[in-house]
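Enquirer: One structure is given below, represented as structure tokens, and several questions about it will come after.
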């Protein structure tokens, strides 16, 4: 192909994927585009990335005291939301995470298990503490942290804390609250904590198992205790990150979790594959009566102008379909929306065109 050097005399001035200085004939530009040697207009992508929630802690003979498991991270390109922290039990500290796990209501050897764990800055809040802090005493356990609020502390010696509330977003056109923390679980002599609004699971009490966090909200799982005289912490919600400014109603914050701000604009290059991963919730612990609630799985929501479409690798489930050029949700005028609810592994991708 004959190139006119962009009208520039002297050194070679060939176009590439980032620059095309000078003036070019239409035919030259079209040929360069076909060869991948022409700057492409970036696509503005609005995102909501929520990780899997942590599971609640449990006490079930003969398993004994078992701390909750953390949820798994969710990812879109360079945006990583951290899995929620597992709840705390005797001899098992609550885990840090996107939002932190709630503290145990019983610590036979010290006082550290009574405290909820920290959340991740810009993603979620800390878990709640036990009602009291005297080693060997029994108190109501703390609820798991939510994306919108700290997990509630134990209310009394026999009443556990509720999970922290989640955050609203209307990125899909409908206001939905997600990433609530799990409630603390109590024994047969006490009252368990409620799940945090936004998918957090309620704690179990005595013969009742903890409730799992709601699927695709990143909600934390409820704690559980089938024995006498103890209570276990609720799981923290999955980390919550977004660059979408929501107009959803209060009471919850409308940006990223943990009081974080709306994140920066994300510009995708057409034809480039970007990693997308939906994190699983932390697995439940314990066995039989008194099993804790598992964490809820995360979700990745991608919103682009209606002139742009997305194609996914074979292990991605979005908008109820799996792999390929998935039909977008067009319920919001001017936009194509893709709600990614599952990925088969951490190597799945999305490409915009």
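No lab work stands behind these numbers, since they all come straight from the coordinates. Owing to the predicted nature of the structure, the values given are computational and were not obtained by experimental measurement. Counting neighbours? That spans all protein chains shown, and the Cβs are built from the backbone with ideal geometry, glycine included.
Enquirer: Ratio of the chain's C-alpha Rg to 2.2 N^0.38 Å, to two decimals?
Expert: Its radius of gyration relative to the 2.2 N^0.38 Å reference: 1.17.
Enquirer: Where does each of 141, 313, 205 land when they are ranked from fewest to most other beta-carbon atoms within 10 angstrom?
Expert: Starting with the residue having the fewest Cβ neighbours, the order is 313, 205, 141.
Enquirer: Just want to confirm a number: the relative contact order over the chain, from Cα pairs under 8 angstrom separated by 6+ residues, in percent.
Expert: Working: 1693 pairs, mean separation 67.2, N = 353.
Relative contact order comes out at 19 percent.
Enquirer: What does DSSP give for region 42-353 in terms of the percent of beta bridges that are antiparallel, rounded to the nearest 5?
Expert: Within region 42-353, antiparallel bridges account for around 90 percent of the total.
Enquirer: Let me ask another. Sort region 99-166 into rounded, prolate or oblate with this rule: let a ≥ b ≥ c be the square roots of the eigenvalues of the Cα gyration tensor; rounded if a/c is under 1.5, and if a/c is not under 1.5, prolate when a/b is larger than b/c, oblate otherwise.
Expert: Oblate, because a/c is 1.5 or more while a/b does not exceed b/c.
Enquirer: Using only helices, what value at 222 nm comes out for the chain when you add -39,500 (n - 2.57) per DSSP H run of length 4 or more and divide by the total residues, to the nearest 500 deg cm²/dmol? Before the final figure, lay out the partial values.
Expert: Numbers: 1 runs with 9 residues, N = 353.
Helix contribution divided over all residues of the chain: -500 deg cm²/dmol.
Enquirer: Which residue fluctuates the most in the chain, going by a Gaussian network model with Cα springs under 10 Å, if the choices are 235, 122, 193?
Expert: Maximum among the listed residues: 122.
Enquirer: Oh, and also: In a GNM of the chain with a 10 Å cut-off on Cα contacts, which of 213, 102, 258 has the highest mean-square fluctuation?
Expert: 258
Enquirer: Return the distance in nm (one decimal) between the two label points of a simple spin-label model at residue 40 and residue 327, each offset 7 Å from Cα along Cα→Cβ.
Expert: Roughly 2.6 nm, to one decimal.
Enquirer: Something else now. Post the alpha-carbon centroid distance, region 63-88 to region 131-177, in whole angstrom.
Expert: Region 63-88 and region 131-177 have Cα centres separated by 16 Å.
Enquirer: I would also like to ask the following. Using a Gaussian network model on the chain with a 10 Å cutoff between Cα atoms, which of 40, 267, 26 fluctuates the most?
Expert: Most flexible of the set in this elastic network: 26.
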